[in-house]
1. When the helix-only estimate is applied to the chain (DSSP H runs of n ≥ 4, each -39,500 (n - 2.57), divided by the residue count), what is the mean residue ellipticity at 222 nm, nearest 500 deg cm²/dmol?
2. I'd like the Karplus ³J(HN,Hα) series for the stretch 9-20: coefficients 6.51, -1.76, 1.60, θ = phi - 60°, whole numbers in Hz, and an x wherever there's a Gly or Pro.
3. Of ASP220, ASP232, ASP101, which is the most mobile in a GNM of the chain whose springs link Cα atoms less than 10 angstrom apart?
4. Identify which of ALA234, ALA73, ALA20 has the largest mean-square fluctuation in a Gaussian network model of the chain, with springs joining Cα atoms closer than 10 Å.
5. Give the distance, in whole Å, between the Cα centre of the stretch 79-134 and the Cα centre of the stretch 1-71.
6. Roll a 1.4 angstrom probe over the protein heavy atoms and tell me the percent of accessible area of the chain that is carbon or sulfur.
7. How long is the gain from LYS83 to GLU100 if the chain were fully straight, where each residue apart is worth 0.36 nm and the alpha carbon distance is subtracted?
8. Given all pairs of different Cα atoms, what value in angstroms does the Kirkwood hydrodynamic radius of the stretch 1-106 take?
Amino acid sequence: MGRLAGKVALISGGARGQGAAETQLFVREGAAVVFGDVLDDEGKKVETAIRASGGQATYVHLNVTQELDWRAAVATAVQTYGKLDVLVNNAGILLRAKIEDTSEADWDRIMAVNVKGVFLGTKCAIPAMRQAGGGSIVNISSTAGLVGSPGETAAYTATKGAVRLFTKATAIQHANDHIRCNSVHPGPIATDMIKDMLDNRAAWEQRLRRLPMGRVGTADEVAYGVLYLASDEASYVTGSELVIDGGTTAE
Ligand code: NAD
């Protein structure tokens, strides 16, 4: 029996990176997973691979800034797999720009994806979770949601700080519904999101010097933390922050 046996999960931003790793791990641990993204070709490939190995997963087009997309994704989970137990608000975008070089449109876009997206996912999932008798919401923040980032990522940092506290508000408001809500704070993880930095050897070597473990993390290393918070093993854990950063924020 897997650690998520009998659970139904919905994961945003699941076509690649950490979201795809979480989707695959959740399926291996016995969950049925609906996962959504705006990258439909990549998402369909992940769905095909999971189904070929006998897992239960359904890809849906889900732009997290659109409430109607979220409603349809939750309905897909309930209609296809019978209920919704777990939501992972994983989709996110990064913007590298000095504050003075950040346009109002850039600000609105990153706020829409990283903050409004988490709000809409939570809002749309709660009725289905209440119907299921409870659930677990895992919001992917960042170490940038805990401390001011050394990079030129002020807008991103603002979004991830908002996710951190929205998580705690959700945890308090829905404790009586048996819906838990926690945030995860990854340090630098080798995905397409930071490919620009990984490809820039000089910038990367400078960054590595500030990482106590001297290396970047993997998508699977985050996915295992998300798995714990999603599972019943974390039944008394709500409103908490799980830092997965190789010690980066420890100093
Ligand atoms: P990624 O870029 O590989 O994956 C992000 C996914 O979100 C992509 O599949 C993308 O298409 C999707 N997405 C973007 N906008 C969307 C939208 N409007 N609707 C639906 N999906 C959308 O990067 P990742 O590292 O896998 O990022 C996952 C999460 O982890 C993000 O919230 C990110 O901010 C966070 N994070 C990443 C790092 C890192 O170093 N990679 C560190 C800390 C936190």
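1. Counting only the DSSP helices, I get -13500 deg cm²/dmol.
2. For the stretch 9-20, the Karplus-derived couplings read 10, 10, 10, 8, x, x, 6, 7, x, 4, x, 5 Hz, x marking Gly and Pro.
3. ASP101
4. Of ALA234, ALA73, ALA20, the most mobile in the Gaussian network model is ALA234.
5. Result: 15 Å between the Cα centres.
6. 52
7. Value of the extension gain: 1.5 nm.
8. Working: mean 1/r = 0.0703 Å⁻¹.
Averaging 1/r across every pair of different Cα atoms and inverting gives 14.2 Å.
The values are calculated or read from the model by the stated rules, or taken from the named source; none is laboratory data. These numbers were taken from a predicted model, which means no experiment stands behind them. Positions of Cβ are generated from backbone atoms using ideal geometry, with glycine treated the same way; all protein chains shown enter the neighbour counts. These accessible areas exclude ligands, DNA and RNA; they are computed on the full protein's heavy atoms, side chains included. Shrake-Rupley method; radii C 1.70, N 1.55, O 1.52, S 1.80 Å.
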